[in-house]
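*Asks:* Below: one structure in structure tokens.
The values are calculated or read from the model by the stated rules, or taken from the named source; none is laboratory data. Bear in mind that the values here come from a model prediction, so they are computed numbers and not experimental data. Cβ: placed from backbone, ideal geometry, glycine included. Neighbour counts: every protein chain shown.
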Amino acid sequence: MTPAAGDAAGVPRRPVLAAGGAVAAAALVGGCGGGGDSDAGSAGSSGAGGGALAELSKVPVGGAVSAKAPDGKPIVIAQPSAGQAVGFSARCTHMGCTVQPKGAKLQCPCHGSQYDALTGKVLHGPAQRPLSPFPVKVENGTVVAG
């Protein structure tokens, strides 16, 4: 049997185009939820068991760093005052993009929402709800889940 007109190597064109469309759609949807996780490891996150998220010494007082929760989801760890740590989901409450620390603020790269890095409260929309808290505590100079 020979390939029909428009078929490459006997592969029908429609399934190939449908698969390509599915891949493009997945990339588009993933783009709104992903961006900016590449620096998450810089906070000293291990992503391993035990809940270790970051070394407190790497979190600036009055600022925040990106990290990953033990389940791999993006979080933000802030140090409001020396020795105290707080955590928040890094997913923007507007459309789910990953917010990035910028000093005492968290910036959403997708639509411009800004959050207070120390409280998770919205400073500038379009987001309307604060970031979800992520429970953390400090043990021997390490920020851990808890």
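*Asks:* Going through the range 70-87 one residue at a time, which ones are more than 17 Å from the chain's Cα centre (by Cα) and within 20 Å of Ser132 (Cβ to Cβ)? Lay out the reasoning, then the answer.
*Replies:* Here is the first cut: in the range 70-87, the ones more than 17 Å from the chain's Cα centre (by Cα) are 79-85.
Scanning the range 70-87 gives Gln79, Pro80, Gln84, Ala85.
*Asks:* Would you pick out the residues in the range 85-96 that are surrounded by fewer than 23 Cβ atoms within 10 Å (Cβ to Cβ) and not in a strand (DSSP E or B)?
*Replies:* Restricting attention to the range 85-96, the residues satisfying the condition of being surrounded by fewer than 23 Cβ atoms within 10 Å (Cβ to Cβ) are 85-86, 89, 91, 93-96.
Across the range 85-96, the qualifying residues are Ala85, Thr93, His94, Met95, Gly96.
*Asks:* So, one more: Given the conditions (1) out of contact with any helix residue (DSSP H, G or I) (no Cβ under 7 Å at 6 or more places or on another chain); (2) within 30 Å of Glu139 (Cβ to Cβ); (3) modelled with pLDDT under 95; (4) surrounded by 14 or more Cβ atoms within 10 Å (Cβ to Cβ), report the number of the one that Gly44 does not fulfil.
*Replies:* Condition not satisfied by Gly44: (1).
*Asks:* Moving to a separate point now. May I ask you to verify whether Thr119 is in contact with a Phe, Trp or Tyr (Cβ under 9 Å, 6 or more places away or on another chain), in a loop (DSSP other than H, G, I, E, B), among the hydroxyl-bearing types (Ser, Thr, Tyr) and surrounded by fewer than 18 Cβ atoms within 10 Å (Cβ to Cβ)?
*Replies:* Criteria met by Thr119.
*Asks:* Being within 13 Å of the chain's Cα centre (by Cα) and small (Gly, Ala, Ser) narrows it down to one of Ala127, Ala90, so name that one.
*Replies:* Numbers: Ala127 fails: within 13 Å of the chain's Cα centre (by Cα).
Just a single option satisfies the conditions, and that option is Ala90.
*Asks:* One residue is enough: does the range 13-20 have a residue meeting the conditions exposed (fewer than 14 other Cβ atoms within 10 Å of the Cβ) and either at pLDDT 95 or above or under 14 Å from Ala145 (Cβ atoms) (or both)?
*Replies:* No: zero hits.
*Asks:* Pull out all pairs, ordered by first then second residue, where Cβ-Cβ is under 9 Å, the residues are six or more apart or on different chains, the first lies in the range 98-111 and is in a loop (DSSP other than H, G, I, E, B), and the second is aromatic (Phe, Trp, Tyr).
*Replies:* Val99/Phe88; Val99/Tyr115; Cys108/Tyr115
*Asks:* A further question follows. Go through the residues of the range 123-132 one by one and say whether even a single one is crowded, with 17+ Cβ neighbours inside 10 Å, of a type in the set (Gly, Ala, Ser), free of Cβ contacts under 8 Å to residues at least 40 places away in the same chain and not in a strand (DSSP E or B).
*Replies:* yes
*Asks:* Looking for whichever is more than 15 Å from the chain's Cα centre (by Cα) and either assigned to a loop (DSSP other than H, G, I, E, B) or over 18 Å from Leu123 (Cβ atoms) (or both) here; the options are Ala54, Ala67. Which one fits? Can you show your working first?
*Replies:* On the way: Ala67 fails: more than 15 Å from the chain's Cα centre (by Cα).
The conditions single out Ala54.
*Asks:* Give Asp39, Asp7 a once-over and let me know the one that is among the charged types (D, E, K, R), within 18 Å of the chain's Cα centre (by Cα) and at pLDDT below 95.
*Replies:* On the way: Asp7 fails: within 18 Å of the chain's Cα centre (by Cα).
Of Asp39, Asp7, the one residue that is among the charged types (D, E, K, R), within 18 Å of the chain's Cα centre (by Cα) and at pLDDT below 95 is Asp39.
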